[in-house]
Amino acid sequence: MGNAAHERHTFHILQRLLEAKNISVIEDDCPNRTLLRKTLYDATFGSIMHKSDDTGIYMHNQAHSCEMDRMKPEAEAGQIALKEERHQYILELLGSEGRVLAADLSSRYRVSEDTIRRDLRELASSGKIQRVHGGALPRRAETVPFVARQQIEMESKIGIARAAADMIRDGQVVLIDGGTTNLRIASYLSSERSATIVTNSPPLALALADHPKLSVLMLGGNFLKEERVTTGIETIRRVESIRADLCFLGMCSLHPEVGITVGDREQAYVKQAMIGASTEVVGLISLGKMGTSLPYLVGPASRLTRLITDASDEDVLNPYRSQGIEVTST
């Protein structure tokens, strides 16, 4: 019998006993519950109901009750028979801890490692996780060329870029790295805005060429064709010579535990330098890239001071808020 059906069956038995008024005390020790724990009161003594294999319910001379609570995906959760429940717990654990190990999951949920490995394979084939030897990591973000990315999630990018442009103030020095969302910032900057924009994105520099009051400093270096940005030691040295008021960081992927990651090592170095050179660091990211990872680490999520995103689910956003990151949801 499934967990939910078993829970209903047990509760209905207890209801009938209460209605018959032939028992005085029910002690429910609540082991291995996956549903809300129930508390029952006010019966008259009559008999003892012995424990079955997995109900863990007794009648005794002393009164006990259980607090209303929900079980967490911890070791005491016991065996989880339903595959769908295991999958959900694995995803929740991955979201909170940043990685999972098959051996740990087997012990935690009291199922065989073969069962856990099958679970992980199924989750990986559906694109929900990234399977690695011995366990799993958050799902990997897709690496899509710059030109193709310009046509993806256009509405989300517009809202994020508009919110970013509104943050820029007169007289500021603003670092803006590459990315299709960052490129759209140029479209929403007021023609009256007077600031200095420093960028390693040639498309952004060109988009700002006709702005009447902005100064544009283009960072030189090796041109990464697919990403339309400059990288390398020359780019990093120029960034390190600047003290910026504000930095808009293009985000390839972000995870509250894994951190900020990218698909290119040289880009990771440039982004690290930009973070180090800026007073305020704002990550611009769409919901689809959140909770993902890529091979090269830029730094922990806590290096961001603000996040601008189209995500609105509090369960997605709260792990970043808990790290002191302000969140603007567009």
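The values are calculated or read from the model by the stated rules, or taken from the named source; none is laboratory data. Owing to the predicted nature of the structure, the values given are computational and were not obtained by experimental measurement. Backbone-built Cβ (ideal geometry, glycine too); neighbour counts: all protein chains shown. Side chains included, ligands, DNA and RNA excluded: accessible areas come from the protein's heavy atoms. Shrake-Rupley method; radii C 1.70, N 1.55, O 1.52, S 1.80 Å.
Have a look at Leu246, Leu219 and point out the one that is over 16 Å from Val282 (Cα atoms) and open to solvent by less than 70 Å² (accessible area, probe 1.4 Å).
Only one candidate passes the filter, namely Leu219.
Which of the residues spanning segment 101-126 are under 20 Å from Gly291 (Cβ atoms) and out of contact with any strand residue (DSSP E or B) (no Cβ under 9 Å at 6 or more places or on another chain)?
Asp119, Glu122, Ser126
Looking at segment 282-294, can you tell me whether even one residue there is among the aliphatic types (A, V, I, L, M), out of contact with any Asp or Glu (no Cβ under 8 Å at 6 or more places or on another chain) and not in a strand (DSSP E or B)?
yes
What's the number of the only condition in (1) in a strand (DSSP E or B); (2) touching a helix residue (DSSP H, G or I) at 6+ places or on another chain (Cβ under 9 Å); (3) open to solvent by less than 10 Å² (accessible area, probe 1.4 Å) that Ile185 fails to meet?
In the conditions (1) in a strand (DSSP E or B); (2) touching a helix residue (DSSP H, G or I) at 6+ places or on another chain (Cβ under 9 Å); (3) open to solvent by less than 10 Å² (accessible area, probe 1.4 Å), Ile185 misses (1) alone.
Could you check segment 163-181 and list, in sequence order, the residues that are at pLDDT 95 or above, open to solvent by less than 20 Å² (accessible area, probe 1.4 Å) and not in a loop (DSSP other than H, G, I, E, B)?
Answer for segment 163-181, where residues must be at pLDDT 95 or above, open to solvent by less than 20 Å² (accessible area, probe 1.4 Å) and not in a loop (DSSP other than H, G, I, E, B): Ala164, Ala165, Val174, Leu175, Ile176.
Just give me the residues in segment 190-202 being open to solvent by less than 20 Å² (accessible area, probe 1.4 Å) and part of a loop (DSSP other than H, G, I, E, B), in sequence order.
Within segment 190-202, Ala195, Asn200, Ser201 meet the criteria.
Only one of these is within 28 Å of the chain's Cα centre (by Cα) and either among the hydrophobic types (A, V, I, L, M, F, W, C) or closer than 25 Å to Arg139 by Cβ (or both): Ile197, Ile260, Ile242, Ile236. Name it.
Ile260
Going residue by residue through segment 300-311, is there one that turns out to be touching a residue at least 40 places away in the same chain (Cβ under 8 Å), open to solvent by 10 Å² or more (accessible area, probe 1.4 Å) and among the hydrophobic types (A, V, I, L, M, F, W, C)?
no
Ala205: farther than 19 Å from Ala268 by Cα, part of a helix (DSSP H, G or I), open to solvent by less than 60 Å² (accessible area, probe 1.4 Å) and in contact with a strand residue (DSSP E or B) (Cβ under 6 Å, 6 or more places away or on another chain), yes or no?
yes
Within the group Asp210, Asp264, which residue is among the acidic types (Asp, Glu) and without any contact (Cβ under 8 Å) to a residue 12 or more places away in the chain?
Just a single option satisfies the conditions, and that option is Asp210.
Within segment 286-299, which residues are touching a residue at least 60 places away in the same chain (Cβ under 8 Å) and within 12 Å of the chain's Cα centre (by Cα)?
Ser286, Leu287, Gly288, Lys289, Gly291, Thr292, Ser293, listed by residue number.
Do we find that Ser241 is surrounded by 20 or more Cβ atoms within 10 Å (Cβ to Cβ), among the small types (Gly, Ala, Ser) and without any contact (Cβ under 8 Å) to a residue 40 or more places away in the chain in this structure?
no
Just for segment 223-235: of the residues that are free of Cβ contacts under 8 Å to residues at least 40 places away in the same chain, of a type outside the set (D, E, K, R) and surrounded by fewer than 21 Cβ atoms within 10 Å (Cβ to Cβ), which one is farthest from Gln130 (Cα to Cα)?
Ile233
Looking at segment 238-259, can you tell me whether even one residue there is closer than 13 Å to Ile176 by Cα and at pLDDT below 95?
yes
Which residue is farthest from Val173 (Cα to Cα), if the candidates are limited to segment 263-280 and must be aliphatic (A, V, I, L, M) and surrounded by 24 or more Cβ atoms within 10 Å (Cβ to Cβ)?
Ranking the candidates gives Val270 first.
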